[in-house]
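One structure is given below, encoded as structure tokens.
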Amino acid sequence: MTTIRGVANGGAKRPRRGGVNLDDVSKTIIELLQQDGRKSYASIAQQVGLSEAAVRQRVQRLLDADVMQIVAVTDPLQVGFQRQAMIGVRVTGDVSTVADALSAMDEVSYVVTTAGSFDVLAEVVCEDDDHLLELLSKRIRSLDGVLATETFVYLKLNKQLYNWGTR
């Protein structure tokens, strides 16, 4: 599947604020890759009316600009990891410092700064409960600025999609 994380210009108009303004062709390319990240450049080219080389260049610009990434998405519980969890973190002081520290940890796959009960949410993938406990007690809770954590252990992955399209 293809995940989108818009930040920079992928070969289109400059954004007004906080994102990327993509032209219709780039949006269509992204949406086709969201449906099937293995779709061939030739197939995409036929659907958007460009040459295969032009599609390849556009995809590379989108990748280089961190507008999207093409990766194999797995269910960690199905590929040998026994524990996956979401950790809510309450922070005192600079939230971005804690978010950056969490982002640097190998076990952390997803970090967002939020409004509400938690300042930061971090999704983690661990080998087992002992690994999760070590990560929480020795590495996350010991970070400067971490006031409290709450852990939501995943029992089953019911839905995971990345095909929300583009705007």
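For this structure, a couple of remarks:
- Any hit, the range 74-82, residues being over 19 Å from GLU31 (Cα atoms) and in contact with a Lys or Arg (Cβ under 8 Å, 6 or more places away or on another chain): yes
Rundown of residues vs (1) within 28 Å of GLY165 (Cα to Cα); (2) touching a helix residue (DSSP H, G or I) at 6+ places or on another chain (Cβ under 9 Å), yes/no style:
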site: GLN34; (1), (2): yes, no
site: GLU52; (1), (2): yes, yes
site: LEU63; (1), (2): yes, no
site: VAL67; (1), (2): yes, yes
site: ALA85; (1), (2): yes, yes
site: VAL95; (1), (2): no, no
site: ALA115; (1), (2): yes, no
site: VAL120; (1), (2): yes, yes
site: LEU132; (1), (2): no, no
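Read-outs throughout are calculated quantities, based only on the coordinates presented, and are distinct from any laboratory measurement. Note that the structure is predicted; figures quoted are calculated from it, not measured. Cβ: placed from backbone, ideal geometry, glycine included. Neighbour counts: every protein chain shown.
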